[in-house]
1. Of all DSSP beta bridges located in the chain, what percent are antiparallel, nearest 5?
2. Of 51, 36, 223, which has the largest mean-square fluctuation in a 10 Å C-alpha GNM of the chain?
3. So what's the chain giving for Cα Rg divided by 2.2 N^0.38 Å, two decimals?
4. Collect residues whose amide H, placed 1.01 Å from N in the peptide plane, falls under 5 Å from the amide H of residue 62; neighbours closer than 5 in sequence don't count.
5. Compare 207, 129, 235 in a GNM of the chain, Cα atoms joined below 10 Å, and give the one with the largest fluctuation.
6. Computed FRET efficiency, Cβ-Cβ of residue 84 and residue 275, R0 30 Å: what is it to the nearest 0.05?
7. Report the full-extension gain for the segment residue 146 to residue 181: residue separation times 0.36 nm, less the Cα-Cα distance, to one decimal in nm.
8. Please list the non-local residues whose amide H lies under 5 Å from the amide H of residue 77, H modeled 1.01 Å from N, same-chain partners needing a gap of 5 or more.
Amino acid sequence: MLLNKLHVALPNLNIEENKPLSPLCTLHVGGKAEFFVAPSSIEEMRILYNFALSENCDIYVLGGGSNVIFPDGIVKGIVISTENLNSFSWRTEITADIDSGFKLPLIMKELREKNLAGMEFAAGIPGTLGGAIMGNAGAGGHGICELLDEVITLESDGEIKTWPINAINYSYRYCSLSDSKRIIISARMTFRKSNPKDKDVLENFLLRRGSQPHAFGNAGCTFKNPEGYSAGKLLDDCGCKNLCVGDAVVSEQHANFILNRGHAKSSDVIKLMKICIQKVFDSTGIKLEPEIKILGE
Ligand code: EPU
């Protein structure tokens, strides 16, 4: 029924049914999307979003899948991938318009080619620009939002809106655009000419990233650092390393990483996160907040 209506609303769009989501998420867990679409223009995205709103249908926006998990089983509604919204164009020597589905490592590559800097802190962070903006992804006290001039979004009333940076609030792993349901379409970002020190800064960030676990599927840091503390150290001190539920295990290398050592389910990861939260709370009174987004719960 819904599928027929979708075909009518978007006759040229490829609509996939029962699409496995685990290959699209770096933790490699989660079930299947009832419907999965990857619009390749703002117009397609707008029609699709308006359709979902009018049908009262749940939608989930998927970028690079590096910071999210879907539940096991069928995820009812439409999973909208931004993978085909991926253009990048220079407006000036140092300012670029970048689609939300463009990957952060590719932005870094563009900057290297033009001898530009400002995004060293993002070295080694996978994922797409849209996802990175929603969570103000970053490291070392920096976040992606500090490089934004403006963001174009598709709002929950189906309209396209431009947000100048002074209309957006952001802080550690937080961006006010994530407060309500909307889709990030693209952003304008300004960088700067690089100087000799940037290379050292970049190498330092790469070194820290290099010390994090890579061998298994993971979704980066599981919890946000509570103010004044390191989540990794708290988890380590509370004996969370190597705790496991099914094939989901807390990394021995860095306690803020949960790894999928084979066939972990989404429910295993969620149970393990709850155990970790409880352990740290019981020992320290600090309640860890997930950085990984659990969609469709
Ligand atoms: N530590 C331990 N045990 C552990 C892990 C860490 O004692 O198991 C200690 C470390 O020795 C260090 C301190 O905790 O003294 C902080 O650890 P680390 O340097 O690894 O940094 P982090 O605060 O855990 C943050 C970001 C990372 C980012 C790194 C490097 C958060 C939640 N994490 O990690 O971001 O890569 O800095 O810049 O803000 C992510 O967001 O997905 C992520 C991995």
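Each value in this text was obtained by applying a stated rule to the coordinates, not by laboratory testing. Worth saying up front: this structure is predicted, and the values here are computed from it rather than measured. For neighbour counting, all protein chains shown are included, and Cβ atoms are generated from backbone atoms with ideal geometry for every residue, glycine included.
1. Counting only bridges with both partners in the chain, antiparallel ones make up about 80 percent.
2. 51
3. With N residues counted in the chain, Rg over 2.2 N^0.38 Å equals 1.02.
4. 80, 81, 82
5. Top of the fluctuation ranking is 207.
6. Using R0 = 30 Å, I get an efficiency of 0.20.
7. Residue separation times 0.36 nm, minus the Cα-Cα distance, leaves 10.4 nm.
8. Excluding prolines and chain starts, which carry no amide H, the hits are 34, 35.
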